[in-house]
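Chemist: Following this message is one structure expressed as structure tokens.
The values are calculated or read from the model by the stated rules, or taken from the named source; none is laboratory data. Note that this is a predicted model, so its numbers are computed, not measured. Because the Cβ atoms are built from the backbone with ideal geometry, glycine has one as well, and the counts that use them run over all protein chains shown. In case anyone asks, the SASA skips ligands and DNA or RNA and just uses the protein heavy atoms, side chains included. Shrake-Rupley method; radii C 1.70, N 1.55, O 1.52, S 1.80 Å.
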Amino acid sequence: MKTAEDLRALLQRIDHRSYPAYKDLRGSYNFTDYILNVDHVQGDPFASPSKVSLCVTGKRSAIPAKLYENRQRRIILQDYLLRQFGIQADQAAFKAKGSGKSGLISVSRCGQEILERGACSITENTGDILLRLEVGLPANGRTINSREAIRIFFELIPVCVEKSLYYKALNHALLEENAKLADNQAYIRKYMKEHDLCAFVADGSILPRESGISQKPMKGAVRFKSPSSMRGEIAVPYGNPLTGMFVPKGVTLIVGGGYHGKSTLLEALERGVYDHIGGDGREYVLTDDTAFKIRAEDGRSIKNVDISMFINGLPNGKDTQHFHTEDASGSTSQAANVIEAMESGSQVLLIDEDTSATNFMIRDELMQLVVSREAEPITPYIDRIRELYEIYGISSIIVAGSSGSYFHKADHIIQMCRYIPEEITDHAKAVAKKYPLTGNPPAASSHPSFDRRPVSVDRKGNDWTKIKVMGRDGIQINRDTIDLRYVEQLVDAQQLVMLGYMLDYAGKHLMNGRVRMDEIVEKVCRMIEEKGMSSICENSYLSSGFAMPRKQEIFACFNRCRKLKM
Ligand code: ADP
Ligand code: MG
């Protein structure tokens, strides 16, 4: 392997040459304390920055092995190291000067959720750290400026490493606290599975966020307090036992006046599929990690989805067992979202009336009298909600502030009252008894078929694909746009980047019309599990921009790809 001094000599040799001479840097250099790899060199100072990775051995970093001894501890440690490196990188960025992106030093930015990212990984047994960053190699105009490049590699990056990847520079108490938090969160998730809970919301949690554009906790918020009838206690491995609201499996209704905090509670549950960092206020708001937010999504495409459980006898005679459309209505899109969630193995559906199609959720009595069942293609969710639970084991948590009909179907009814929940099940049921549901219940539906075998039309073998991400909103693959705005549990643009590469990989290798959708998703997940995130792309350095999505979002992404044939 080349040495750091080889790198310095190389840089001195190409000084003042035209930018492409930087390509010679590709390779690995031994900096004694770590290995520095130049994985990819940008074409010019204005192009997307060069990819560099750093390997620090577990021995050198000296982080105690107990801090990464299990999966959850390893993930929170990776997240923490990346954040620390990010703080240092921000201070070092653009100290080296030049044109375009010269001097940039950056790593993935982490939000409130703790996600597995391609930018930082720790090897299980050895504790070796791999950190991927981006560097803007300095130039004046398009002429290489080696002096500034030497500053980056020999002054700035070494300081970042020193201050963020070595145990002696880190806050030991905080590292310990993180590890305990991760263990507690994992313990609660296990407890929830063993005790048939959909969710746990700890007393004292802060649910509302600072603003519509910030996921930081709201200051001065009313802290969560469980209704006493739903309160349970979990003896977590570290710290005092936690008390909070147990949301059991079944049908749970959240009601209450407008502005009393219903949607805020549901949103916290939506995000509770991920673990949150300490200080977030939702560290102990945990939801079954297969839970999926269901909403109306007018205009989405639907490919061969069996929505007959909800929609039958459309006036245009369309087959609803193999439903296709390029422009779904509110109700058909919401129906497809439910069936696709079932296909993805989701055990809990989260629904807010604010973002639902009314005709998908209910049909009121008067309408039933005037328009007969035969003339109505939609069997509303209210007529399937018990069946979903009793036959398929799928629970629902629904915000329904305006339709009392759901009282009849609920196992638990929570009323939000000035941001504090109260359980009102008995009272609501007693009142509801006086207003029985009319009309005959619909016949039980047949099990939806998930036999869909996608064919990727235009992605073949080794064709080069251009993947671009529009923030949190969508992915562009070549000329095909996949709209993910309404897949609300995607929390980070880097999850979309990874989804783009997953889709490209699946399109090239698995979507040949013979493999079922669920098997395709399973295969992609298994490969990542076994061979790492970079196994889905040709150049492993691309994984520097990846954050792991859930299986549910992989389905959601593939399902919204208009170019697939199924
Ligand atoms: P609903 O869905 O019942 O109409 P929301 O959940 O949208 O109500 O909440 C209404 C407003 O109250 C939001 O602006 C939200 O940020 C704020 N809010 C929600 N929960 C709390 C809380 N615990 N403390 C303070 N403000 C809150
Ligand atoms: Mg609301």
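Chemist: Report, in degrees rounded to the nearest 10, the 0 to 90 angle that the Cα long axis of helix 493-509 makes with the longest principal axis of the chain.
Modeler: 90
Chemist: For N539, project a label point 7 Å along Cα to C-beta. Then give me every residue of segment 44-61 with its amide nitrogen under 18 Å of that point.
Modeler: 44-54
Chemist: What does DSSP give for segment 262-415 in terms of the percent of beta bridges that are antiparallel, rounded to the nearest 5?
Modeler: Percentage antiparallel, nearest 5: 25.
Chemist: When Rg is the radius of gyration of the Cα atoms in segment 2-170 and Rh is its Kirkwood radius, what does Rg/Rh come to?
Modeler: Rg/Rh for segment 2-170 comes to 0.99.
Chemist: Greater than 23 Å separation of Cα atoms is the criterion. Which listed pairs, K193/K433; K249/K429; K523/K563, meet it?
Modeler: K193/K433
Chemist: I want to check a number: in segment 2-170, how many lysine pairs have alpha carbons closer than 19 Å, given a sequence separation of 8 or more or different chains?
Modeler: Close lysine pairs under the 19 Å cut-off: 11.
Chemist: Over 10 Å intervals from 0, what percent of Cα-Cα pairs in segment 455-565 sits in each interval?
Modeler: 15, 53, 31, 1
Chemist: While we're here: Given the whole protein assembly as supplied and a 1.4 Å probe, what does the accessible area of I467 come to in Å², nearest 10?
Modeler: Looks like 30 Å² after rounding.
Chemist: Roughly what would the spin-label model give for S48 and K23, points 7 Å off Cα along C-beta, in nm?
Modeler: 1.9
Chemist: Can you tell me the FRET efficiency between E210 and R83 if r is taken as the Cβ-Cβ distance and R0 is 22 Å, rounded to the nearest 0.05?
Modeler: 0.75
Chemist: Quick one: order T290, T143, T123 from most to least accessible surface, probe 1.4 Å.
Modeler: Final ranking, largest accessible area leading: T123, T143, T290.
Chemist: So how do R8, R485, R295 rank on accessible area, 1.4 Å probe, biggest first, that is with the largest at the start? Each step should come with its number before you reach the end.
Modeler: Details: R8 75, R485 115, R295 35 Å².
Largest accessible area first, the residues go R485, R8, R295.
Chemist: Going highest first, how would you order 11-19, 132-140 by mean Cβ packing within 10 Å? Kindly include the intermediate steps, with their values, before the conclusion.
Modeler: Details: 11-19: 15.2, 132-140: 24.6.
The most tightly packed comes first, giving 132-140, 11-19.
Chemist: A further question follows. Return one number: the angle in degrees, 0 to 90 and rounded to the nearest 10, between the long axis of the Cα atoms of helix 172-194 and the longest principal axis of the Cα atoms of the chain.
Modeler: 30
Chemist: Using only helices, what value at 222 nm comes out for the chain when you add -39,500 (n - 2.57) per DSSP H run of length 4 or more and divide by the total residues, to the nearest 500 deg cm²/dmol?
Modeler: Helices in the chain give a 222 nm mean residue ellipticity of -9000 deg cm²/dmol.
Chemist: So, one more: Would you mind computing the Rg to Rh ratio of segment 190-450 from its alpha-carbon coordinates, Kirkwood style for Rh?
Modeler: 0.98
Chemist: Moving on to the next point. Heavy atoms only, probe 1.4 Å: what % of the accessible area of the chain goes to carbon and sulfur, would you let me know?
Modeler: Answer for the chain is 50 percent, counting heavy atoms of protein chains only.
Chemist: Which distance in nm do the two modelled labels at R109 and R479 give, with both placed 7 Å along the Cα-to-Cβ direction?
Modeler: Each label point lies 7 Å from its Cα, and together they span 3.3 nm.
Chemist: Taking all pairs of different Cα atoms in the chain, averaging 1/r and flipping that mean, what Kirkwood radius in angstroms comes out?
Modeler: Values: mean 1/r = 0.0387 Å⁻¹.
So the Kirkwood estimate lands at 25.8 Å.
Chemist: Mind listing the phi-derived Karplus ³J(HN,Hα) values for segment 37-45, rounded to whole Hz, using 6.51, -1.76 and 1.60 with θ = phi - 60°, and x for any glycine or proline?
Modeler: 10, 9, 8, 8, 10, 5, x, 7, x
Chemist: Express the accessible area of the chain per residue in Å², computed with a 1.4 Å probe while the remaining protein chains stay in the model.
Modeler: Computed with neighbouring chains in place, this is 43 Å² per residue.
Chemist: Suppose a student asked you for the relative contact order of segment 455-565, using Cα pairs under 8 Å spaced at least 6 residues apart; what percent would you report?
Modeler: Details: 149 pairs, mean separation 38.2, N = 111.
Over segment 455-565, the number comes to 34 percent.
Chemist: With all protein chains present, calculate the accessible area of M533 using a 1.4 Å probe and round the result to the nearest 10 Å².
Modeler: Around 30 Å² of this residue is reachable by solvent.
Chemist: Moving to a separate point now. Which percent, nearest 5, of DSSP beta bridges in the chain are antiparallel? Working shown, then result.
Modeler: Numbers: 58 of 76 bridges.
Roughly 75 percent of the beta bridges in the chain run antiparallel, per DSSP.
Chemist: State, as an integer percentage, the relative contact order of the chain based on alpha-carbon contacts under 8 Å between residues 6 or more apart. Spell out each step's value before the answer.
Modeler: Numbers: 1136 pairs, mean separation 71.4, N = 566.
Relative contact order for the chain comes out at 13 percent.
Chemist: Report the full-extension gain for the segment A169 to L366: residue separation times 0.36 nm, less the Cα-Cα distance, to one decimal in nm.
Modeler: In short, 64.0 nm is gained.
Chemist: Could you state the angle between the C-alpha long axis of helix 330-343 and the longest principal axis of the C-alpha atoms of the chain, as a value from 0 to 90 degrees rounded to the nearest 10?
Modeler: Computed tilt is about 70 degrees.
Chemist: Need the C-alpha centroid separation for segment 355-403 versus segment 509-541, integer Å.
Modeler: 37
Chemist: Give me the aspartates and glutamates in straight-line cross-link reach of K219: C-alpha distance below 15 Å, same-chain residues under 8 apart excluded.
Modeler: Output for K219: E210, D280.
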